[in-house]
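Before any comments, here is the structure.
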Amino acid sequence: MASELAVDPADAAKALEECDGNKSAAARWLGVSRNQLRYALGSVESDLVAGSTRLARQNQRLQDINRVERKTFREYGRCYTAIEDLEAEHIRLLSDYEFNDPPRAPHPETDAPVGVIQIADTHFNERVDLEHNQYGWETAAKRLRKHILRCMEMARHHGCKHVVIANTGDTINSDRRLDEIVANATNRSKACVLAVDLLQQAIREVAAEFDVTVVTVSGNESRLQQEVHWHPEVASDNFDWLVHNQLELLFRDDERVTFVASDPSETVLNVAGFNLLMIHGHGRVRPANTGKDVQQIIGNYLMRGTRVDYVIFGHVHEAHVGDRHARSGSLVGTNDYSEKRLNLTGRASQLFHVATPGEWIDTYRIDVQNAEAVEGYRIDTSFATYNTKAKKKAMQQPTVHKIVI
């Protein structure tokens, strides 16, 4: 073994180079056997492999460092370019943009109570002709104004400087079902115009004396779709929201009136330091479990990080006031549905709330059943005429063919 390794590996490598890689010629050139040459070259190859591996690792490490540095530089260059482009775009936009004035605070007088005029379930366009209750456009105009005048009187009494007009839905009556088609005074396109006219008169009357904020949530009867939906995009497909947007357009230049854009289904409004939740009430609050359902709603909001102090709603057409909630009656009063389906015989009524900072929210029921003596808001009677052809069509019974055998 020692004789086989007697050949100097350096001499073996040089001989192999001189003989152009021919191992037999290199062995003869050195005067050794092929085995001696092979063992000598094996030692050289091991050293070369180890050296090559070491160099390869070093080279790979340098490549990795170089790649990371290049990547970092590219990302930095991209970020820098993006920031430059963003800054240039901002400068361009700022030079052309006309900034809006900030919205006014809902109740700038922090020590003054804030009044909340709740307008619930007006069902404009509905006709009721019962012995003990009649309702149509002229009655609606009288009852609405009676409600507004009483609320303004109470707002003055409490020293309110700011008043919120809270519409909790069902502004226009549904006409999807047969009995509703019969009961409606005109189609809902005209009804929408008349509803806007009545409500804009109410807002102007309140705004002549108080700062006003208008908030609306959608009800179930004013929906344009056949089914009730809860997603904001679908819930806004509703005549309540359409009326709200038209009113906002009318008052766009009136600094006394502010409109709040909110979730069409429900919204939380901070009034005099209290969080007031507005909903319509359908699918959320059952008449027989009102208190329990309200507590569940409050708990649900609390789990989402929002404290709700008081909940106002309508839908059932009968007033009910509790410690943490208030359900308004309707402007309509008793109709066939409430009497025969819900077994409720009530009166036309609305609610007025007063939020006093540091105290609580007081709620007053405003009875508007008897409003014949009130000078109502003006309406275009040509829009309120009843479509007799539609009535006759709706009242038609299916023909029964008698077969004689």
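The values are calculated or read from the model by the stated rules, or taken from the named source; none is laboratory data. No experiment lies behind these values; they were computed from the predicted model shown. Cβ: placed from backbone, ideal geometry, glycine included. Neighbour counts: every protein chain shown.
Some notes on this structure:
- Residue count, region 287-309 (criterion: surrounded by 18 or more Cβ atoms within 10 Å (Cβ to Cβ), among the hydrophobic types (A, V, I, L, M, F, W, C) and over 20 Å from the mean Cα position of the chain (by Cα)): 1
- Selection within region 262-282 - at pLDDT below 90 and over 12 Å from PHE313 (Cα atoms): SER262, ASP263, PRO264
- Of all residues in region 261-286, those satisfying the criterion of being crowded, with 16+ Cβ neighbours inside 10 Å and not in a loop (DSSP other than H, G, I, E, B) are GLU266, THR267, VAL268, LEU269, VAL271, PHE274, ASN275, LEU276, LEU277, MET278, ILE279.
- Some residue of region 9-27 being among the polar types (S, T, N, Q) and modelled with pLDDT of 75 or more: yes
- Residue count, region 232-257 (criterion: closer than 15 Å to HIS280 by Cβ and at pLDDT 80 or above): 4
- Answer residue from region 92-130, given it is modelled with pLDDT of 85 or more, over 23 Å from the mean Cα position of the chain (by Cα) and in a loop (DSSP other than H, G, I, E, B) and is nearest to PHE313 (Cα to Cα) among those: THR122
- Residues being farther than 23 Å from VAL332 by Cα and charged (D, E, K, R) - total across region 152-172: 2
- Residue match in region 211-231 (condition: in a strand (DSSP E or B) and modelled with pLDDT under 80): yes
- Filtered by the rule that a residue be among the aromatic types (Phe, Trp, Tyr) and under 21 Å from ASN125 (Cβ atoms), region 325-354 gives a lone residue, TYR337.
- Residues in region 310-337 that are polar (S, T, N, Q) and surrounded by fewer than 19 Cβ atoms within 10 Å (Cβ to Cβ): there are none.
- Residue within region 301-314 that is aromatic (Phe, Trp, Tyr) and in a loop (DSSP other than H, G, I, E, B) present: no
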